[in-house]
Amino acid sequence: MADLILYSANVITMDSACPTAQLIAIQENRIVAVGRDDDIREFQKRNTKTIDCKGKTVLRGFIDAHCHLHALAESYVTLNLEPHHDVRSISDIQTKIKTSSQQLPSGAWIRARGYNEFYLAEKRHPNRWDLDQATSAYPIKLTHRTGHAHVLNSLALKTVGISNETPDPPDGLIDRDIKTGEPTGVLYRMGDFLSRKIPPLENHQLDRGMKIANDELLSMGITSVQDASSHNGIEQWKMFCRWKEKGLLKPRVVMMLGTESFSAYRKQDFETRTGKSHLRLGGVKIIIDETTGHLRPNQSELNEMVLRIHQAGFQACLHAVEENAVEAACSAIDYALKKLPKSDHRHRIEHCSVCPPSLAKKLASLGIMVVTQPAFIYYSGDRYLGTIPAEELKHLYPIKTLLKSGVKVAASSDCPIAPANPLMGIYAACSRMTETGEVVLSEEKITPEEALRMYGETTASATFDEEIKGSISPGKLADLVVLNDDPTKLPVDEIKDIKVGITIIDGEVVWEKS
Ligand SMILES: [Zn+2]
């Protein structure tokens, strides 16, 4: 007997035992049966709720393998300076900051985000002196679209204690004027440093942002996310617990730990009252970075870090963008596996943006998963085509090559760096089309079925969740999405316009198109 039945649906189960169906029966939070409309009498009891899907397509909910929920919540309550918010020059940035400073109490921080120097007329980062022109009465923290660089005005630099004499921190870089040595205000990889110096947003502000973020995710059919923030630790965990308990965050969350928190990890700190399927810890995030001209951490430090994570039974999730970094990640995992062989480790490389076929083969042979961001091709493709050297461009986000080599590829948005919409990611993976209609590596196109798998089945296995997520099969969690069209039947161009009608988590309708 079922509590909820969806019928007259075009169900794409992603389960090879029964690839299509018309009906899904749900009891409590699990799928109990998948079948034909005729089966309805078998499962219906007096108070069974039913949803007539009227031929619409039903998929398991989308899973986003790499996003940043705190930053997403913050993004809704801070000043948005993304290019599509009419920000095309440094003077646009100045005007927006000036306007927003007018309603602020004295001493408050101005937080702005999302600027993209590629789309600014000046084609450069703004600096402290540009921001001083907007205001010198309030400290300003301006965050780059990637989240990996920040710009501070002079007052903010002073407030956080950065002067001519301040040395670069171990993992970061203080950009300086070549002649005077004076900090320009542009700081690379100093987000953690800044978060220790700048008061965080208040809970009520973050809650307001999370409420909007939650609605946004559900409206896109996202029922599970993996949070990949490198500074994640006990504070972020507590915030997730709070959001879960207050019902502000409905999608299931697997939280990665940052390396610092991993060193201090104690299992008992990470208990949850909402149940493990709603919130639990996942892998450990390591950032491999080349901003300063050489790899950080260096290869032997990286080897030891990965080995420690591997020995502790965690997944290592290595942020590696350029080929060098991907190589280094590969070598570190190889090193750990030689010390302690383990066949099903599922260590992951996040982004893996530049990867020639030989490296793809190496990843496959070591059983390393890749977490890619197809929608970057759409949102950033024009910048890639304009700025990335040809040698690298020909191996950019080579999803088909990775799949053909036998690498398991999971998809994600990296939101708020790009919008979270999985259908846009599926469209980009299948079309390789940029915002202006250019194509980035036509030979790397994949099929809608392959793309769908990257947002469900493979993403579930990227956190060892394939027993409970990733397909519409009896016994799995009842996390579903009803779409107004079938992405496997439509022309690829139209996939990005598919709309979500209903999102279901735990057998409960959590979002419905009004
Ligand atoms: Zn990220």
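Phi angles across region 189-196 convert, under the Karplus curve 6.51 cos²θ - 1.76 cosθ + 1.60 with θ = phi - 60°, into 3J(HN,Hα) values of 6, 10, x, 5, 4, 5, 5, 7 Hz, Gly and Pro given as x. The residues of the chain expose on average 42 square angstrom of accessible surface per residue, using a 1.4 Å probe on protein heavy atoms. Restricting to bridges with both residues inside region 92-204, how much of the DSSP beta-bridge set is antiparallel, in percent to the nearest 5? Roughly 65 percent of the beta bridges in region 92-204 run antiparallel, per DSSP.
Computed with a 1.4 Å probe on the full set of protein chains, the accessible area for residue 163 sits at about 50 Å². Split the accessible area of the chain by element, probe 1.4 Å, and carbon with sulfur accounts for 49%. By DSSP, the beta bridges lying fully in the chain are antiparallel in about 45 percent of cases. Loop-located GluC sites (Glu not before Pro) across region 421-488 with a Cβ neighbour count of 12 or fewer within 10 Å are 467, with loop assigned by DSSP. Counted by Cβ distance under 14 Å from residue 215, the other residues give a net charge of +1, where Lys and Arg count +1 and Asp and Glu count -1.
Secondary-structure-derived ellipticity at 222 nm for the chain, considering helices only, amounts to -9000 deg cm²/dmol, per-run term -39500 (n - 2.57) for DSSP H runs with n ≥ 4. Rounded to the nearest 5, the antiparallel percentage of DSSP beta bridges internal to region 2-144 is 45%. Cα centroids of region 92-158 and region 330-390: how far apart, whole angstrom? Spelled out, the Cα-based centre of one part sits 34 Å from the other. What residue among 159, 101, 387 has its Cα farthest toward the positive end of the dipole of the chain, where the charges are +1 on Lys, Arg and -1 on Asp, Glu, each on the Cβ? So the residue furthest toward the plus end is 159.
The values are calculated or read from the model by the stated rules, or taken from the named source; none is laboratory data. Values in this document were obtained by computation on a predicted structure and should not be read as measured data. As a convention, Cβ positions derive from the backbone with ideal geometry for all residues, glycine included, and neighbour counts pool all protein chains shown. Heads up: the accessible areas ignore ligands, DNA and RNA and are worked out on the full protein's heavy atoms, side chains in. Shrake-Rupley method; radii C 1.70, N 1.55, O 1.52, S 1.80 Å.
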